[in-house]
Structure formats: structure tokens, C-alpha cells
Amino acid sequence: MTVAAWGLALLQALLYVALAPLLAGWIRKVKARLQNRRGAVILQPYRDIYKLFGKEARMAHTASLLFRAAPYIVFTATWLAAAAVPLVATGLPTAAIADVIVIAGLLALARFFLALAGMDVGTAFGGMGASREMLVSALAEPAMLMAVFTLAMTAHSTNLVSVVDHQLASVDLLRPSYLFALAGLVLVAIAESGRIPVDNPATHLELTMIHEAMILEYSGRHLALMDWAAQLKLLLYGALVANVFFPWGIARDAGIGSLGLGLAVVIAKLALLGVALAVSETVLAKMRVFRVPAFLNLALLLALLGLLSHVILEVGA
Amino acid sequence: MSLEHLPLLQQLMVVLAAMALFTSFVLLEQARLVAAIHAFAWQGVLVAMVTAIVAASSAHAHLFFSAALTLGLKGVLIPWMLHRLVRRLELDRHSEPLRRPALVTMAALALVIFSYWLVLPIVQQELIFTRNIVAVSLAVVLVGLLMMVIRTQAVAQVLGFMSMENGLFLAAVSATGGMPLMVELGVAFDVLVAMVLFGVFFFQIRASIDSLDVDRMNRLTERVDEP
């Protein structure tokens, strides 16, 4: 039983790694179609990663050991964080670490090493990107935690699995706090995964770039790991939004039928989220960097309003 | 009583009231006047929807009339009048960002917590859950007041005033099932007249100090001609 359950947990973690480039490719494809281009095939991110793994990894002369180790640390920390978020099933042994504070901590660890690696070589772009990344994350993290605390107060637990179970048990409830928390968390997810109003993932030729500026010095397998980690982070946030706020269809036992249904449903939900993201990226323009604090201020406001409306309107005196 | 014991219609009402509070924050933070007018129109629509739900879930049939009145007046007519005024005053590209947006947000959130604390004894005595909306409507009133204090632009101040009126109306509807029809008609008419008067005042202010920034009125001094 336990061996099978751990096997399933491992399979789910591997599924995260396998699906991450697919989601990125899907978003790129939809975006290209919306802009009247044909776009690359959906499997293109896999080909890019395969190609980069076959290439030589060049290092700057000033690079230290940290620069060499950072891609592995960033990828592993992001993967661990992703493995804790329920994707297909909830009753897995990884549920014990599926705590939102653990996930926020692991993502912060990955970000810390990413920023250090950006500064390590000593180029102007790397330092600039690192400082911007820290600005964004310092503002996004409180908003994310507030949004998550709103859910935790409703479910009386910060564990994602109990939040999901609680949400499944009370389907017929309209909660204003969930509405606000959803909106806040979506804004945080956009900022954290470097999507369009905050950062542009499609280019590294802009002076306002954030993520690309930090990984500008990487090549070969290091670059592949960094790219893969970024795609994994996007999938993590997508799974978080899809499974916590719309958990219907997630597998709650280990039967083949419910697992299959869970997989199909989660892929459909992620595809829909990808379409929504592609549409919003096509409609919106990228913000100036100094407008980003206002954007994250809105996310924090929404999360705090969610918290307050939970206390005022839902608990009852 | 908590949310689980409410019928779906009243849950929807709670959600709409929370969204009305959110539009209040949007009004407070919005730099561009035209967008702020749109936020105000949405707030009017949300208040009208809450009124319609109260009418549907209670026996007060006259509330349907008052919901229609709110929708027509605050959702359509007053925003349209403000829009026209802003266009005639050539302010439709005017934008005035807040000087300390984070501080203003925190102050407004403190006002929400304060109004909850204020309403707590009233709510505890009553059993009807929707009276919790009284806290939200009081918060809408206070945030509107804060907007009138912080904004220096006359049209934005009028928007704050009108959203205060929205908050009072929401309180009346959710706590007592609405006022008598005659009183509501009187208030609606007053608001309309106030809007017309504000329009006249805008032109007067602009004619005398050549701007709608009311802070500049502090510097007006009467020139005394010494003999």
C-alpha cells in the first residue's frame, strides 16, 4: 500500500517535470495563433531542452562554484515545491509536506540562488535582473501569503490537501473571500512566473527584462535546467490555482478510473488557464518596471480584502 | 450564524456587497477620472443588484422599484452626467495619481477594520446574518469620506460623496429591508439635484480659479485696498 502510494507520488512529481514544457509550448502556440502567426509546434520547448543538453556549457572566467551549482539547486528546489502541490490526486504521502509555507519557502530558496547566480559573474545585466527580481518577490510574497491565509482560515489548516478537501466538501457555498483570494493569487502568479504585464518571457533584448537578465550568462545544460525550472514554476502556479479554487475532478483514491479522470480533468483545466493567460498577454502591454509595485499593491489589497471579508462576512458574530 | 446556513440567494448578496466594497477601493486608487466614473457606475449596479436580491428574498415588493431606481440613477444617469461634464471640462485625459498609494490603501483597510469593530455589538444582538453587510456598507461610507479628504480634484471629491451615499443606501437596504418608498424617492431626487448643482459649481470654480484643484482655493485671499 505505502509502496504503491509513494510510487504514485513519484509518478506525479515526474508528471510535473514532463508536463511543464508542454504547458509553455501550449501557451506559446495559442499566443501565436491569436497574433495571426502559425507559431512553433507545441513540442518545441522539449526540442529546445534536448538541444541545450547536447551543447557545451560555457563559463565566464569570473564564475565561481556557486554559478555552476545554482541551476541544479534552482531546479531541485522548484521541483520539490511542485511535487508538494497536488496535481492529479490528493491522498498521497507527499500531502504531509504540501504546506503552503513550505512551498513558499522552497520557491524563495530557488529565487535566492537564482539572484545570487545572476550577480555572481559580475555583469551589469545580471545584477540589474537580480535586484529587480528581489523587488518583485519582496512585494509578491506577502500578497501570496495573505491570499493563502484566507484559504487557510476557511479550512483551518495551511495544508493544501485539507484546503482542497474542505473546498470539495462545500461546493454549494459562494465565498466572497475565495473570489478575492483567487484574484490576488492570479496576480501574484503572473508576477512570480514572469509573464507579461510584469516581465516578458519571449525576449531577452529588452532593458526592462527581469528573469532573462539573470540567466543571460548561462548556456548548455545549465540554461536548459534554468528554463525548465521556470516552466515548472509556471505549471506549479497553474496547478495551485486550478486545484485549490476549482478542485472538482481531482482523484481522491488510488483507483485507475479516478486517477485517469483526475489526469484528464487537470490537463483540461491547465489548458483553459493557458488560453486565458495567452489572451491576457495578447491584450495587455508590458508595464514599466516602476509600475510593478502598484500592480503588486493591488494583489496585496485583494488578498487583504479576502481576509477581511472572511472575518466580517463569513464567520458571523 | 455562519455562511453555511444561508440560502444561496443571500450568499450571492454577501458576495455582491463585498464586490461593492472592492469598487470603493478602486475608486479611491484610480488615477484617471473616466475610469473612476466607470468604477462608480459599477458600484451603483452592484448596490442595485443587492437591493433586487433583498426584494426577491423578502416580502418587500417596493424594493424592486427602488432597485430599478438605483440602477437607473446611480448605474446610468449620474455616471453619464459626470462623463458629459468631464468631457465638457476637457478633463477626460486628466490623471492624478495618489502621492502615497500604499499608505492610502492601508488607511482604507484600517477604516474597514474600524467599521467592523463599530458594528460588532449591533450584529451580536441580532440574528439575521445579512446585517454583517452593515459593516461593509459603513466601510464604503468611510472610504468615500477618505476619498473626499485625500483627493484635491473637485470631480473626484464628488465621486467620493456619491459613493458615500451608495454606502448609506446599502446599509438601509441590508439592515432594515429598505426605507419607505416616499423617503427613497426623496433621497434619489436629492442626489439628482445635488449632481446638477455640482455641475454648476464645477464651472463656477473653474471660472474663478481656472482649475478644479480645490487645494488652490486655500490660497485665495481677499485683496484689501489700503486707502
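Values quoted throughout were computed directly from the atomic coordinates according to the rules given, and no laboratory measurement underlies them. No experiment lies behind these values; they were computed from the predicted model shown. Glycine gets a Cβ as well: all are built from the backbone with ideal geometry, and neighbour counts include every protein chain shown.
Given a 10 angstrom Cα cut-off, can you work out which residue in B:Val104, B:Val50, B:Val140 is the most mobile in a GNM of chain B? Residue with maximal mean-square fluctuation among B:Val104, B:Val50, B:Val140: B:Val104.
Each label point was placed 7 Å from the Cα along the Cα-to-Cβ direction; for B:Ala110 and A:Leu34 their separation is 4.0 nm. Peptide A:299-306 is shielded by partner chain Cβ atoms: per residue, an average of 4 of them sit within 10 Å of its Cβ. Dipole check for the range A:195-241: with +1 at the C-beta of Lys and Arg, -1 at the C-beta of Asp and Glu, and the Cα centre as origin, the magnitude is about 200 Debye. What the Cβ-Cβ distance of A:Ala254 and A:Ala276 gives, at R0 = 35 Å and to the nearest 0.05, is a FRET efficiency of 0.65.
Going by neighbour counts of Cβ atoms within 10 Å, the residues A:Ile196, A:Ile312 line up, fewest first, as A:Ile196, A:Ile312. For A:Lys233, the aspartates and glutamates whose Cα falls under 12 Å of its own Cα, not counting residues fewer than eight places away in the same chain, are A:Glu192. In chain A, with Lys and Arg counted as +1 and Asp and Glu as -1 at Cβ, which of these residues, A:Ser177, A:Gly105, A:Gly255, has the Cα nearest the positive end of the dipole, that is, farthest along it? Selected residue: A:Gly255. Count Lys and Arg as plus one, Asp and Glu as minus one, and take only other residues whose Cβ is under 15 Å from that of A:His222; the net charge is then -1. Positive-end ranking of B:Leu118, A:Ile27, A:Tyr46 along the dipole of the protein assembly as shown, with charges on Cβ about the Cα centre, is headed by A:Tyr46. Applying a DSSP loop filter and a limit of 16 other Cβ atoms within 10 Å to the trypsin sites (Lys or Arg not before Pro) in the range B:78-150 leaves B:Arg93, B:Arg99. Mean per-residue shielding of peptide B:111-118 is 2, counting Cβ atoms of other chains within 10 Å of each Cβ.
Computed from Cα atoms, the angle from the helix B:154-176 axis to the main principal axis of chain B rounds to 20 degrees.
For the range A:287-297, 3J(HN,Hα) computed residue by residue from phi via the Karplus equation (6.51, -1.76, 1.60; θ = phi - 60°) reads 7, 5, 4, 7, 8, 4, x, 5, 4, 6, 4 Hz, glycine and proline entered as x.
Rounded to 0.05, the FRET efficiency of the B:Ala207 and A:Arg291 pair, given R0 = 41 Å and the Cβ-Cβ distance, is 0.70. The mean number of Cβ atoms from other chains found within 10 Å of a Cβ in peptide B:97-108 is 2, as a whole number. For the range A:32-46, the Karplus equation 6.51 cos²θ - 1.76 cosθ + 1.60, evaluated at θ = phi - 60°, returns couplings of 4, 5, 5, 9, 6, 9, 7, x, 6, 5, 4, 7, 4, x, 4 Hz by residue, with Gly and Pro reported as x. The charge dipole of the range A:107-233, taken about its Cα centre with unit charges on the Cβ atoms of Lys, Arg (+1), Asp and Glu (-1) only, comes to about 140 debye. Ranked by how many other Cβ atoms sit within 10 Å of their own Cβ, fewest first, the residues A:Val88, B:Val187, A:Val315 fall in the order A:Val315, B:Val187, A:Val88. Placing +1 on the Cβ of every Lys and Arg and -1 on the Cβ of every Asp and Glu, with nothing else charged, gives the range A:2-314 a dipole about its Cα centre of roughly 960 debye.
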